[in-house]
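What follows is a short report on a single structure.
The values are calculated or read from the model by the stated rules, or taken from the named source; none is laboratory data. Note that this is a predicted model, so its numbers are computed, not measured. So basically every Cβ, Gly included, is an ideal-geometry build from the backbone, and we count neighbours across all protein chains shown. Please note that ligands, DNA and RNA were not included when accessible areas were found on the heavy atoms of the full protein model with its side chains. Shrake-Rupley method; radii C 1.70, N 1.55, O 1.52, S 1.80 Å.
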Amino acid sequence: MKFFISSIVCFIIVGCSSLSKSPKDSFLWLENIEGDIALKWVKEQNEITKKKYETKSQFSKVKADVSYILGADDRIFYVSMSGDYVYHYLQTPKNPKGIFRKATFSSYAAKKPKWEEIINIDDLAKNENENWVWKGLSCFEPEYKRCLLKLSRGGKDAVVVREFDLTEKTFVQDGFVVPEAKTDVSWIDMDHVLLATSFGSDTLTLSGYPRQVRMWTRGQKYKDAKLITEANVDYVSASFQVFYHPKKPLSVIQKSPSFYETEYFINNNDNQLVRLDVPNDIFLWGLVEDQIIFETKSNWDRFNVKAGSLIAIPRSDLEKSGAVTDLNIIFTPNDKQSITDLKTTSKALYISLLTSVRGEIVKWTYKNKKWKSSVFALPKTGMTRIVSVDEKEDKSLVEYTDFLTPPQIWLFRKSGVKTKVAELPSRFQTKGLVVEQKFAISRDGTRIPYSVVRNTAKKGPRPTLLYGYGGFEISLTPSYLAVKGKTWVENGGTYVVANLRGGGEFGPNWHTSVLKHNRQKVFDDFIAVAEALIKEGITTSKQLGIEGYSNGGLLVGAVAMQRPDLFGAVICGAPLLDMMRFHKLLAGASWIGEYGDPDSPEDASYIKKYSPYQNIREKTKYPSIFIITSTKDDRVHPGHARKMAAKLLEVGAPL
């Protein structure tokens, strides 16, 4: 779910599984993903929507502007480094499915990359008569020659895995191949991989994820791989992480009882799998030198470690028995800070640090049993991100951007010298535009930050688009408004991003304070920002549109039902909307840790109060609502969107 917020461009094309008999739900039939009757209804709704928008005078220009921005030849290329080469996945109007390619590092650093095509997904899809969608690849470190390529049919989370040779540019005959499933796979060495996938119906959890981890040896059939461990069927999943180290890679097995709990296991010196004696909500980041890096999500009182801290535990201690006898605190955040990302090599770790919703990059190295830090010289008014770090050499690629500044990629070398290697050309006019950080006061008195991008020369209330998410510890940070800047802000619109509780902007507590029975506080935060925008004269309720995807779709759906008077329009994408059934649909059971369990009377009592689908009312004047989803969404069940649409139409809402 964390990684499904961006790039949703389809209309209401939907449907999925897990039907249960419920006489109270007259639209349950719309959960049948590929059902003829359901799809006929979907197509009818799409045609109405397309006719409404495609006939508008602005449509052609907006479409042309967006198509140019997303497919322009002068886009910035986000590459992965490995020694003498950089690797990149490119989509163009000519090759919409994409090309995976490489260039020498020297040519890339000189801003004149000479690209060499490795695999063309459009050609592959055509030759194999499959609707292949690129889902990435995992390459064997440090050689980076053999990779496990992931391909999805139509964009689903489920993938087909096939071993690919980057040098020969071909699939490996009799190599590692896994049929379509939700699969986790990583190299141990050239002849062994760890594998978690579907080995049969009894090998998946109730959430639909793998519950077995196996060691797969080259030449074996994947179903004959050796079983290492198995999670309970009511757990979310079983998985693993493998971290490269020149002496000995580190493999850590993970079992997740819930979305925010993990049991970690490691092979001890007797080759037995032992559980690590760490808190079950701690997060494993990687391996540096002989130190295993974790981030705490709650206070670890035993070692006086504050929530959100970065700690290091000697690998040798954990490999003995799993017991923690000592640790080093690398970094402790203040109440305005949080770690948004971290990357490791065997020699260093790189932290993306957020302070008051503005970013910086800090590099840490470990020597003589001490951690030493250095801050990368970048502006502190926007967002920074680690693009790639190189295991073979001490160099890193880092991005800087903000709402009005196109992304820049900087190369940092071990010497500290930095070089700008790429910069996106400006996509919209910024003259007269300002970015302001403001605060709204939520119902319980909490200060909620939000960023406003507007043209101060445009006097009076303006059409305004308010974006939010508020869940799963995902932080909303300043990012360049390439598309929205061109199509919305440049035309006089105001754009607002709300940093609601439920996100990770101010550390773990900003998230955990609104879990389950406290969920309404997220909606209160969003409503408070909307009311502040109106009170300040930035916009009016009729001019205020709201937008959210996935968990953000739940957000905008809920507030639209609670305060329909506050908004003029709603964009609700890939949404969770029937919260009384979310746990029965696709991966929904894995999110009980976030929302609660509708099968529990106590949890159901508060979920039903905010669940958008259950709170549609007759004789209510709703804002205009645009709902987006996909038939191929195998994570957030498209039945949520379909049923919401049908029920809104039933009460005469503008959909």
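Could you tell me what percent of the accessible area of the range 429-580 is made up of carbon and sulfur, with a 1.4 Å probe and every protein chain present? That fraction is 49 percent. Taking all protein chains as they are arranged and a probe of 1.4 Å, the heavy atoms of Asp597 leave approximately 40 Å² accessible to solvent.
Which sequence of Leu433, Leu655, Leu70, Leu354 reflects their accessible areas, 1.4 Å probe, from the largest down? Spell out each step's value before the answer.
On the way: Leu433 25, Leu655 65, Leu70 105, Leu354 0 Å².
Greatest to least solvent exposure: Leu70, Leu655, Leu433, Leu354.
Shown in residue order for the range 89-100 are the 3J(HN,Hα) couplings computed by the Karplus curve 6.51 cos²θ - 1.76 cosθ + 1.60 at θ = phi - 60°: 9, 10, 10, 9, x, 6, 10, x, 7, x, 10, 9 Hz (x for Gly and Pro).
Toward the positive end of the charge dipole of the range 118-186, with +1 on the Cβ of Lys and Arg and -1 on the Cβ of Asp and Glu, the farthest Cα among Thr167, Pro142, Ser186 is that of Ser186.
How about the range 558-655: which trypsin sites (Lys or Arg not before Pro) there lie in a loop by DSSP and see at most 11 other Cβ atoms within 10 Å? List each step's numbers first, then the result.
Values: sites: Arg581, Lys584, Lys608, Lys609, Arg617, Lys619, Lys621, Lys632, Arg635, Arg642, Lys643, Lys647; in loops: Arg581, Arg617, Lys619, Lys621, Lys632, Arg635.
Hits after loop and neighbour filter: Arg617, Lys619, Lys621.
With the convex hull drawn over the C-alpha atoms of the range 519-655, the volume per residue is 96 Å³. Shape class of the range 435-484 from the alpha-carbon gyration tensor: oblate, with a/c at 1.5 or above and b/c at least as large as a/b. Between the range 356-420 and the range 94-134, the alpha-carbon centres lie 27 Å apart. Taking amide H as placed 1.01 Å from N in the peptide plane, Ile119 has its amide H under 5 Å from the amide H of Phe100, each at least 5 places away in sequence or on another chain. The residues Val417, Val133, Val559, Val389, sorted by heavy-atom accessible surface at 1.4 Å with ligands and nucleic acids left out, run Val417, Val133, Val389, Val559 from largest to smallest. Between the labelled values (i) 47, 37, 25; (ii) 38, 30, 28; (iii) 58, 25, 22, the entry that holds semi-axes √(5λ) of the Cα gyration tensor in Å as derived from this structure is (ii).
For the pair the range 278-303 / the range 586-601, the C-alpha centres are spaced 26 Å from each other.
Can I get the semi-axes of the range 457-592's equivalent ellipsoid? Compute them from the C-alpha gyration tensor as square roots of 5 times the eigenvalues, in angstrom, largest first.
Working: eigenvalues 142, 48, 43 Å².
Semi-axis lengths for the range 457-592 are 27, 16, 15 Å.
Can you list the GluC sites (Glu not before Pro) in the range 470-540 that are in a DSSP coil and have 12 or fewer other beta carbons within 10 angstrom? In loop regions of the range 470-540 (DSSP not H, G, I, E or B), the sparsely surrounded GluC sites (Glu not before Pro) are Glu536. Amide H contacts for Val421 (H built 1.01 Å from N in the peptide plane; partners 5 or more residues away or on another chain; cut-off under 5 Å): Ile409, Trp410, Leu411. Backbone phi angles across the range 140-157, fed through the Karplus curve with coefficients 6.51, -1.76 and 1.60 (θ = phi - 60°), yield HN-Hα couplings of 6, 8, x, 5, 6, 10, 9, 9, 9, 8, 10, 10, 10, 7, x, x, 5, 5 Hz in residue order; Gly and Pro are listed as x.
Nonpolar atom fraction for the range 94-189, defined as the carbon and sulfur part of the 1.4 Å probe accessible area, stands at 45 percent.
The simple spin-label model puts a point 7 Å past each Cα toward its Cβ; for Thr456 and Ala64 those points are separated by 3.4 nm.
Where only protein heavy atoms count, and the probe is 1.4 Å, what is the accessible area per residue for the chain in Å²? Please report the intermediate quantities before stating the final value.
Values: 28820 Å² over 655 residues.
Per residue, the chain has an accessible area of 44 Å².
A Cβ-based charge dipole, computed about the Cα centre of the chain with Lys and Arg at +1 and Asp and Glu at -1, lands at about 2000 debye. Note that the range 448-463 has calculated 3J(HN,Hα) couplings of 10, x, 8, 9, 10, 10, 7, 9, 5, 6, 7, 7, x, x, 10, x Hz, one per residue in order, obtained from phi through the Karplus relation 6.51 cos²θ - 1.76 cosθ + 1.60 (θ = phi - 60°); glycine and proline are x.
Largest to smallest in accessible area, the residues Asp335, Asp165 fall in the order Asp335, Asp165 (1.4 Å probe, all protein chains included). Note on the range 124-230: Kirkwood hydrodynamic radius from all Cα pairs is 14.3 Å, rounded to one decimal. The alpha carbon centroids of the range 490-518 and the range 31-85 are separated by 26 Å.
Computed from the mean reciprocal separation of all distinct C-alpha pairs, what Kirkwood hydrodynamic radius does the range 337-387 have, in Å? List each step's numbers first, then the result.
Details: mean 1/r = 0.0879 Å⁻¹.
Answer for the range 337-387: a Kirkwood hydrodynamic radius of 11.4 Å.
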